[in-house]
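Student: Let me begin by handing over the structure; questions about it come next.
The values are calculated or read from the model by the stated rules, or taken from the named source; none is laboratory data. For clarity, every value in this text was computed on a predicted model and none was experimentally measured. Glycine gets a Cβ as well: all are built from the backbone with ideal geometry, and neighbour counts include every protein chain shown.
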Amino acid sequence: MAHRTFITARQRRLGAELRRMREHAGFAIQEAADLMGVTRSHITNMELARFGVSEDRLRALAANYTCADGAYVDALVTMAAERKPGWWEDYRGILPAGALDLAELEHCASALQVVQIMHVPGLLQTEEYARAVLREAVPTRSPAELRRTLAHRLRRREILDRDASPGCAFLIHEAALRMRFGDQHVLRAQLAALLEASERKNITVRVIPFEAGGFHIAGLTVTYASGAVPQLDTVQLDTAHKALFLEAETQLENHRAILQRTEEAALPAGDSRDFIRSIAHHM
């Protein structure tokens, strides 16, 4: 079987889950290989996502490892069957791999919870506001790079319009509502678009006011993507240099607790809309 030319974060996650399943069962790589009648390198390559795994082989692995969680195994089978490239692959080699992995994460999530401190979340940005945000990048993007990055960001918003759109909860700090990206007209239009989005059934927008004080993730942008089962949840963090994807059980538990505390600092949805209207009115 030919090795993959590149490996996405989701493919790596599937391989990591196969390794966790084996280790949880107490099998060494060679023992797993002997049970499957394959080489040791074959098991290693599957766990490193160097090549894919069929449904039959995945279910055989789960049976050998005596994994009794049927929903978890079914979710892994669904991941393994995802062979058709997503639209984000059009940007492979053009944009950083982390940007593509984020688009795939959002596309495959059953629900999203996003905390944004300094600007409106990317999924809710208008074109002009997004352009103003992207222009602040260091080093400065060329016109062609800006067009490609902007097109990718706007395409990500399509998940909000799907028939089976994930439920999306956005916790937005007051700083993001007041930070001026673009001129006053750009910000006013963005706030209007944010209010419009907040009325949709699949979107909840809540504001964290300055009065709420400090909280644990005040310096980070966080996306918590729910998988088909809780074991497949993922946390994505923005950093100055790249996107980080966290999946360890302890990391997930900690971020669930952090997000719950952040929610407690946020205004209710109705009060948040009034808050946004007030900011727009006094601009």
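Student: Hey, ILE94 hits all of (1) hydrophobic (A, V, I, L, M, F, W, C); (2) farther than 30 Å from ALA16 by Cβ; (3) exposed (fewer than 15 other Cβ atoms within 10 Å of the Cβ) but one; which does it fall short on?
Tutor: (2)
Student: Right, another one. Would you check if ARG147 is in contact (Cβ under 8 Å) with a residue 12 or more places away in the chain and charged (D, E, K, R)?
Tutor: Here the answer is no, as ARG147 does not meet what is asked.
Student: Output the residues belonging to the stretch 51-103 that are under 30 Å from THR221 (Cα atoms) and of a type in the set (Phe, Trp, Tyr).
Tutor: Scanning the stretch 51-103 gives TYR72, TRP87, TRP88, TYR91.
Student: Return yes or no: is ILE117 surrounded by fewer than 18 Cβ atoms within 10 Å (Cβ to Cβ), outside the structural domain of LEU61 (by TED's automatic domain parsing), β-branched (Val, Ile, Thr) and touching a residue at least 24 places away in the same chain (Cβ under 8 Å)?
Tutor: no
Student: What pairs come up if the first residue lies in the stretch 207-227 and is in contact (Cβ under 8 Å) with a residue 12 or more places away in the chain and in the same structural domain as LEU237 (by TED's automatic domain parsing), the second is part of a loop (DSSP other than H, G, I, E, B) and surrounded by fewer than 16 Cβ atoms within 10 Å (Cβ to Cβ), and their beta carbons are under 7 Å apart, counting only those six or more places apart or on different chains?
Tutor: SER226/SER110; GLY227/SER110
Student: Pick from the stretch 254-273 the residues that are assigned to a helix (DSSP H, G or I), in contact (Cβ under 8 Å) with a residue 24 or more places away in the chain and of a type outside the set (D, E, K, R): which of them is surrounded by the fewest Cβ atoms within 10 Å (Cβ to Cβ)?
Tutor: Checked the stretch 254-273; the qualifying residue surrounded by the fewest Cβ atoms within 10 Å (Cβ to Cβ) is ALA269.
Student: Only residues in the stretch 240-253 that are under 14 Å from LEU105 (Cβ atoms) count as the first member; pair them with residues that are in a strand (DSSP E or B) and modelled with pLDDT under 95, Cβ under 6 angstrom, at least 6 apart or cross-chain, and list the lot.
Tutor: Once the first residue is under 14 Å from LEU105 (Cβ atoms) and sits in the stretch 240-253, its partners that are in a strand (DSSP E or B) and modelled with pLDDT under 95 give LEU244/LEU237.
Student: Then there is this: With respect to LEU112, determine if the residue is part of a helix (DSSP H, G or I) and surrounded by 15 or more Cβ atoms within 10 Å (Cβ to Cβ).
Tutor: So LEU112 fails the test.
Student: Filter the helices (runs of 4 or more DSSP H) completely within the stretch 1-92 down to those with at least 3 residues that are in contact (Cβ under 8 Å) with a residue 12 or more places away in the chain and closer than 24 Å to VAL235 by Cα.
Tutor: Correct list: 9-25, 70-80.
Student: For the stretch 73-89, enumerate the residues that are touching a His at 6+ places or on another chain (Cβ under 9 Å) and not small (Gly, Ala, Ser).
Tutor: Answer for the stretch 73-89, where residues must be touching a His at 6+ places or on another chain (Cβ under 9 Å) and not small (Gly, Ala, Ser): TRP87, TRP88.
Student: Still on this structure, please answer the following. Name the residue that is surrounded by the fewest Cβ atoms within 10 Å (Cβ to Cβ), counting only residues in the stretch 207-226 that are at pLDDT 95 or above and closer than 11 Å to VAL114 by Cβ.
Tutor: Among those that are at pLDDT 95 or above and closer than 11 Å to VAL114 by Cβ, it is TYR224.
Student: Right, another one. Restrict the check to the stretch 62-72 and report whether at least one residue is farther than 30 Å from LEU35 by Cβ and not small (Gly, Ala, Ser).
Tutor: Looking for residues that are farther than 30 Å from LEU35 by Cβ and not small (Gly, Ala, Ser), one finds none in the stretch 62-72, hence no.
Student: Looking at the stretch 167-202 only, could you name the residues that are closer than 16 Å to ASP271 by Cβ and either in contact with a His (Cβ under 6 Å, 6 or more places away or on another chain) or not in a helix (DSSP H, G or I) (or both)?
Tutor: Hits for the stretch 167-202 are ALA169, PHE170, LEU171, ILE172, HIS173, GLU199.
Student: Let me ask something additional. I need a count of the residues in the stretch 20-63 that are of a type in the set (Asp, Glu) and under 23 Å from ALA248 (Cα atoms).
Tutor: Matching residues across the stretch 20-63 total 2.
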